[in-house]
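*Asks:* Below you will find the structure I want to go over with you.
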Amino acid sequence: MLRIKRLKIEIKTSNGIYGLDNTFTEGLNFIASEDNTCGKSSIIAAIYYCLGFEEIIGGKGEKVLTSVYKTTIEEGESIWPVLESGAYLEISNGKETITIYRVAKMENRDNRLITIYHCGIHEIGSPNKLSEDMYVHMPNSAVNKNGFHSYLEAFLHIELPLVPASDDGTRKLYLQLIFAGMFIEQKHGWADILSGMPVLGIRESKKRVLEFIMRLDTLENEKKKDYLRTWDSSIKHKWDSLIKEIIVLSNRESCTTKGLPLTPKILSEEDFSKISIHKENDSIDEYIENLKEQYNQLTVLKPKIIDNFDEIQTELNATETSIEEFERELYKQRSSLYSENSSIDKLSNNLEIIDNDIRNNKDAARLRNLGSELNLATSKDTCPVCNQVIQDTLIPDSGHLQVMSIDENIRHLNAQKEMLEFAQSSHRKNKEKIREKITHLENSLFTLRSLAKSLRNDLFSINDNISETIIHKRLQLDSEINSLDRLSRFFNNQKLKLKELSDLWKDYLEDKTTLPKKKFSDLDEEKIRTLRNHFISNLTQFGYKSILNINQVDISLESYLPVIEGFDMKFDSSASDNIRAIWAFVLALLQTSNDKSGNHPGVLIFDEPAQHSIVINDMEKFFDNIIKLKNSQVIVGITVKDSDTRLAISKLPADKYNLIRVPNKAFRRLSNGNETM
Amino acid sequence: MDNSYLIADEILFEAKPDAVPYNYRISYKMAQLCLIIEICCRGGCSLLKLHMISIGLSTKQDMEILKDLAYDKLTSYTVVRFDPAVNHAVRYAIADGLIFQQQNGLFRLTKIGKNYVKRIIKDSQLMSDEKRYLSLLSTMLTEEKIKALTSLWRYSSAED
């Protein structure tokens, strides 16, 4: 729980220190003034500011504060410049009390620095009280040990959940978001339920906050879902890269793969055994076996030429034919590479022209704007002489043609550019493919030629010599066996990895099925029902009239916000009823949290709840309701302009509220400049 | 013959707007001409010069040739292209009060025109290539050079 106990604001001017010092009690507190512009909101803003929640007002740092903190302070006729300013806020979590000090304006002190004194305001400065410096609104100040908000989180004994963020990561739910549901700010706080919530990159932040305040179990589920989502994408990614690697490497050895599943699936033993690499219709292992056999046969062969002259002759012929074939193929591939290259060149040329065109068209568009600033008639498509409509073109005789506007033209060119880029990239891909083929062909050609050379040497050499061909062939086979062997080993390794991934996938699928089908636990439903009952009973008491049958109001299970027949309640509400709905909902949240031991810190701030000419009776009901709240602190900033409001407050039992009167100007002189502390 | 179209009622052709090259946009061409008068001329600019520089700006190659001519590196620069778009743009610019024609036939910028050019020059993103080239060319391409060139035409075309 959080209680605000005392607020002390100090504004140092050349005419002494101005400021105020107020204590707050448990239960209902009024900050009341006769007039509207005398500093109530400045006081409330100081509370936000000290807690580092100024983003609820809208903005970071001292700029959300009113000018009395920053520039000048008025006293009667005289105006004094502000030299330094800051505020002390004493808060308690029920057991301990700390004081927060944050400056609004001070040379040499960053306003993101917060000092925490482990004592009340009156004890500051006594020797054995500790103080610590912390930061707000810096990167990681919500998670870092020295971040004020992570300190506050620990101080309030709450544990903020990790929630999905809009950038697909997870982030801690920010305290500012939670307190936006309790501190209703004067201006945009009254626009809609929870409308003061700052945007901090949390997905569905309103929903998350409500879940947290009511402590719903769904938060756990959502978290798990999110975790599974990342798991899913990581497996898919790994699987994909594994498969791609296998395919690329086996293509390099001109092998084909079979039975490779392209997306993750659970691999049964049978599936697993079907995954294989083939070369020329044999599986790779068989092929390697074959090669080895050939190799062995060669070793058995007599390496003398005299013994196999005929064989050498026929083999030479065969080799030469295939060399010719390969050469033809190579020639073909080379010429298509050339044509690909030339079309890429052409396209790049065109792209350059189009880029130039786009740039100049953009220039033309801006020149046209410049022209219309100077009131040039041509920039408005009218003729400067006869004021008739003209087309924006200098092409002669274009009267009958319809012409694109410059913006259309730019879009048109951009579309062309995209098309050309697409064409270019596909040509590049082709080029890559052809290159690969060419290198492959060149390699094979090289092998064949050296084979042919050895054969020829053998033919013309002396009969008793050792056959070069056979040795050559042996070497060739040896290297091929080696590289295929390597591929096969690599493939088997990858297969094991694939198996692992498949097991992971299976785990993932299992986990996915264990996710509860029903989104809410029974307790959650109970909580939401309680929220609804409180909300409706509050609405009835505050005199909500925009719908006849108030029992039509329901709490949406999607957003946890009130809806009528599935539509946001706001659409059907009058302006003042919208205010009533905000009262009712904010109070109902606290009531529900009290009833069902939720996470509500038990403090509410309403700045000017009397918006849109609320009837005074309803106002009284609102105060009555607040007084009835147990275990809570409510601070209400209110203008007591008319006797009605005064009457409404005086009707309340005197011991049930604490009235802080703000006189004509909230900040009075505390001391003169000579006796600074 | 006239009724032989079977589905003439069912198919409608709608003319789609045509793209216009930037060189034929009124705003672009007017701005270009104003820039030429401002950067490349002293005391007025002839129509012929506007044509030559305007064409010279169209491609990189043209830019080089024109510059060589202006810096006297070329002896023969025979082909001068005339683009009716330039004439059109000059007319629009006069009507819009950006430029005016002096007694001697040369064009100058009006006050509005000067203001317009000033703004264009101030914006460094706008027409940067054109500005760079024109300030390179500066006033090197004088009216005298153009006159000398045109007087050559008389002889060369007399032969044809």
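*Asks:* If we keep just the residues of region A:541-555 that are in a helix (DSSP H, G or I) and not polar (S, T, N, Q), which is surrounded by the most Cβ atoms within 10 Å (Cβ to Cβ)?
*Replies:* A:542
*Asks:* Tally time: how many residues in region A:68-93 are open to solvent by 10 Å² or more (accessible area, probe 1.4 Å), in contact with a Ser or Thr (Cβ under 9 Å, 6 or more places away or on another chain) and not in a strand (DSSP E or B)?
*Replies:* Result for region A:68-93: 2.
*Asks:* Do any strands (runs of 3 or more DSSP E) entirely within region A:1-40 hold 2 or more residues that are aliphatic (A, V, I, L, M) and farther than 17 Å from residue A:661 by Cα, and if so, which?
*Replies:* Hits in region A:1-40: A:3-13.
*Asks:* If you scan region B:109-128, which residues turn out to be facing another protein chain (nearest Cβ under 8 Å) and either within 18 Å of the chain's Cα centre (by Cα) or at pLDDT 90 or above (or both)?
*Replies:* Result: B:116, B:120, B:126, B:127.
*Asks:* Collect the residues in region A:492-540 that are closer than 30 Å to residue A:610 by Cβ and open to solvent by 70 Å² or more (accessible area, probe 1.4 Å), keeping them in residue-number order.
*Replies:* Residues satisfying the conditions are A:533, A:540.
*Asks:* Looking at the structure I just gave you, is residue A:402 polar (S, T, N, Q), open to solvent by 70 Å² or more (accessible area, probe 1.4 Å) and within 14 Å of chain B (Cβ to nearest Cβ)?
*Replies:* Yes.
*Asks:* Could you run through region B:89-101 and say how many residues are open to solvent by 50 Å² or more (accessible area, probe 1.4 Å) and within 13 Å of the chain's Cα centre (by Cα)?
*Replies:* 1
*Asks:* For residues that are open to solvent by less than 40 Å² (accessible area, probe 1.4 Å) and closer than 20 Å to residue A:197 by Cα, tally how many sit in region A:118-176.
*Replies:* Here the count works out to 18.
*Asks:* So residue A:58 fits all but one of (1) open to solvent by 10 Å² or more (accessible area, probe 1.4 Å); (2) small (Gly, Ala, Ser); (3) in contact with an Asp or Glu (Cβ under 7 Å, 6 or more places away or on another chain); what number is the exception?
*Replies:* With respect to (1) open to solvent by 10 Å² or more (accessible area, probe 1.4 Å); (2) small (Gly, Ala, Ser); (3) in contact with an Asp or Glu (Cβ under 7 Å, 6 or more places away or on another chain), residue A:58 is out only on (3).
*Asks:* So which strands (runs of 3 or more DSSP E) are wholly in region A:124-176 and hold at least 1 residues that are among the basic types (Lys, Arg)?
*Replies:* A:170-172
*Asks:* Quick check: anything in region A:414-431 within 16 Å of residue B:89 (Cβ to Cβ) and open to solvent by less than 30 Å² (accessible area, probe 1.4 Å)?
*Replies:* No, the conditions are met nowhere in region A:414-431.
*Asks:* Right, here's the next one. Within region A:636-661, which residues are within 13 Å of residue A:20 (Cβ to Cβ) and over 44 Å from the mean Cα position of the chain (by Cα)?
*Replies:* A:661
*Asks:* Just to confirm my filter: which helices (runs of 4 or more DSSP H) fall fully inside region A:198-299 and include at least 1 residues that are open to solvent by 70 Å² or more (accessible area, probe 1.4 Å), in contact (Cβ under 8 Å) with a residue 12 or more places away in the chain and over 30 Å from residue A:1 (Cα atoms)?
*Replies:* A:218-252, A:269-274
*Asks:* Here's a follow-up. Scan A:624, A:644 and give me the residue that is at pLDDT below 80 and acidic (Asp, Glu).
*Replies:* A:644
*Asks:* Here's a check for you: in region A:375-388, which residue that is open to solvent by 30 Å² or more (accessible area, probe 1.4 Å) and within 46 Å of the chain's Cα centre (by Cα) is farthest from the other protein chains (Cβ to nearest Cβ)?
*Replies:* A:380
*Asks:* Looking at region A:177-195, I want the residues that are buried (at least 18 other Cβ atoms within 10 Å of the Cβ) and have a partner that is among the β-branched types (Val, Ile, Thr) and part of a loop (DSSP other than H, G, I, E, B) with Cβ atoms under 6 Å, at least 6 apart or on another chain. Which pairs are those?
*Replies:* A:185/A:57
*Asks:* With respect to residue A:610, determine if the residue is open to solvent by less than 60 Å² (accessible area, probe 1.4 Å) and small (Gly, Ala, Ser).
*Replies:* yes
*Asks:* May I pose another question? Consider residue A:124 against the criteria (1) over 35 Å from the mean Cα position of the chain (by Cα); (2) under 19 Å from residue A:8 (Cα atoms); (3) at pLDDT 80 or above; (4) among the aliphatic types (A, V, I, L, M): it satisfies all of them except one. Which criterion is unmet?
*Replies:* Unmet for residue A:124, out of (1) over 35 Å from the mean Cα position of the chain (by Cα); (2) under 19 Å from residue A:8 (Cα atoms); (3) at pLDDT 80 or above; (4) among the aliphatic types (A, V, I, L, M): (3).
*Asks:* Something else: Which residue out of B:141, B:106, B:136 is more than 14 Å from chain A (Cβ to nearest Cβ), in contact (Cβ under 8 Å) with a residue 40 or more places away in the chain and farther than 16 Å from residue B:48 by Cα?
*Replies:* Among B:141, B:106, B:136, only B:136 is more than 14 Å from chain A (Cβ to nearest Cβ), in contact (Cβ under 8 Å) with a residue 40 or more places away in the chain and farther than 16 Å from residue B:48 by Cα.
*Asks:* Looking at (1) under 27 Å from residue B:89 (Cα atoms); (2) over 42 Å from the mean Cα position of the chain (by Cα); (3) part of a helix (DSSP H, G or I); (4) more than 7 Å from chain B (Cβ to nearest Cβ), which is the one condition that is false for residue A:391?
*Replies:* (3)
The values are calculated or read from the model by the stated rules, or taken from the named source; none is laboratory data. Quick caveat: nothing in here was measured; it's all calculated off a predicted structure. Heads up, the Cβs are rebuilt from the backbone with ideal geometry, glycines too, and the neighbour counts pull from every protein chain shown. With ligands, DNA and RNA removed, areas are computed over all heavy atoms of the protein, side chains included. Shrake-Rupley method; radii C 1.70, N 1.55, O 1.52, S 1.80 Å.
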